[in-house]
Amino acid sequence: MSDPPYARLTPDLVLDAIDSTGLRTDGRLLALNSFENRVYQLGIEEEEKVMQSGIPWDGSGETAPGWVVAKFYRPQRWSDEAILEEHAFAIELAAREIPAVPPLRLNGATLHHHADFRFAVFPRQGGRPPELDQPGTLEWLGRFLGRIHAVGGLEPFRHRPALDIASFGEEPRDWLLAHDFIPYELRDVWAGVAAQAIAGARQCFGRAGAVRAIRLHGDCHMGNVLWTEDGKTRGPHFVDFDDARMGPAVQDLWMLLSGERDERTRQLHDILAGYEDFAEFDTRELHLVEALRTLRLIHYSAWIARRWSDPAFPLAFPWFDTPRYWEERILELREQIALMDEAPLPA
């Protein structure tokens, strides 16, 4: 049995890796909450190297030059080319004064290698989750998402995957059925419900028609948006483009919606009020909201299962390999099957 993917990623190795870029760490190291990758906040001695790397800092304390954040990529998940596309997209957005947080360019590179690990170094971006119930917040988010998508539509990704039924529904469904995570007594029930759910998602895509695929953030939930209040940096900052991919624009919008249907309708109207200042939204994509939610649920179960050999996952998800977990997923998918038959939210 192979070692867990991060078994050799010790604190000393993390510090040595950052030092190999030309930055000099001062020994401060804090592990941040991340499961897919390993992410650390580190103190550095030479603040001017961060300030000279192309990332502006206005002295507000939100982007602090005495700290950096290092992301060590999960081995064998992405190719180097795919990671560099993630970096290039974030850099392109920042160059257009869109508040994405791109990696630092150190020694002429954004992707670094050390002891068989690949990593990138980012400026530390402070902030808190947006308060979506505050007046103007959703419209503000919508304006920046419109700008992100306007840039995302200029050219395609060439090395990153697309969000579609095959990659987010069929493949993870088949992988789960080929392994031993679903309890035997629930396996056939889950398989049947998953098949119905995927068929429902396919019908939603059919109703939407040939919608345009653009470069997306891909995982635009509140954990990946930081809100700041100081100076000219006030507002949202979009972080962690690790799941960037090609897909319909609504993928970056639907995770901002919550509550009952009337609440989600109001939230959507607020987002689109800002979004359409910078990009046209194809309202046919609203047929995809519940389909995308359904595919994400299937993909999420497979994501946990594929990483079960990583000790962080059994600790974080102790309920995953229990019958109750799969019973709840069956009920969840049945609810989604019904929701996919309902009319989409009105634009």
query = R0 = 51 Å: FRET efficiency of A195 with D26, Cβ-based, nearest 0.05?
reply = 0.40
key: FRET efficiency estimate (nearest 0.05) - Cβ-Cβ, A95 to L339, R0 41 angstrom   = 0.55
inquiry  = Could you tell me the relative contact order of segment 135-286? Use alpha-carbon pairs under 8 Å, at least six residues apart, and round to a whole percent.
reply    = 42 percent
task = Tell me the label-point distance for the pair H114, Q41, using the 7 Å Cα-to-Cβ offset, in nm and rounded to one decimal.
result = 1.9 nm
ask   = Going 7 Å from the Cα of V211 in the Cα-to-Cβ direction, what parts of segment 142-162 have a backbone nitrogen less than 19 Å from that spot?
value = 142-157, 161-162
query = Reported to two decimal places, what Rg/Rh ratio describes segment 137-340 when computed on Cα atoms with Rh from the Kirkwood expression?
reply = 0.99
note = CD proxy, 222 nm, the chain: helix-only mean residue ellipticity via -39,500 (n - 2.57) per DSSP H run with n ≥ 4, per residue, nearest 500, stands at -12500 deg cm²/dmol
ask   = To the nearest 0.05, how large is the calculated FRET efficiency for L177 and E139 if R₀ is 35 Å and r is the Cβ-Cβ distance?
value = 0.20
Whole-Å distance, taken between Cα centres, linking segment 172-233 and segment 306-343 = 12 Å
query = Which whole-number percentage describes the relative contact order of the chain, with Cα contacts under 8 Å and a sequence gap of 6 or more?
reply = 19 percent
task = Starting from the eigenvalues of the Cα gyration tensor, five times each then square-rooted, give me the equivalent ellipsoid semi-axes of the chain, largest first, whole Å.
result = 34, 27, 17
request  = Would you mind computing the Rg to Rh ratio of segment 117-226 from its alpha-carbon coordinates, Kirkwood style for Rh?
outcome  = 1.06
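Coordinate-derived values only; no laboratory data. Computed from a predicted model, the values in this text were never measured in an experiment. Ideal geometry is used to build each Cβ from the backbone, glycine not excepted, and the neighbour counts take in all protein chains shown.
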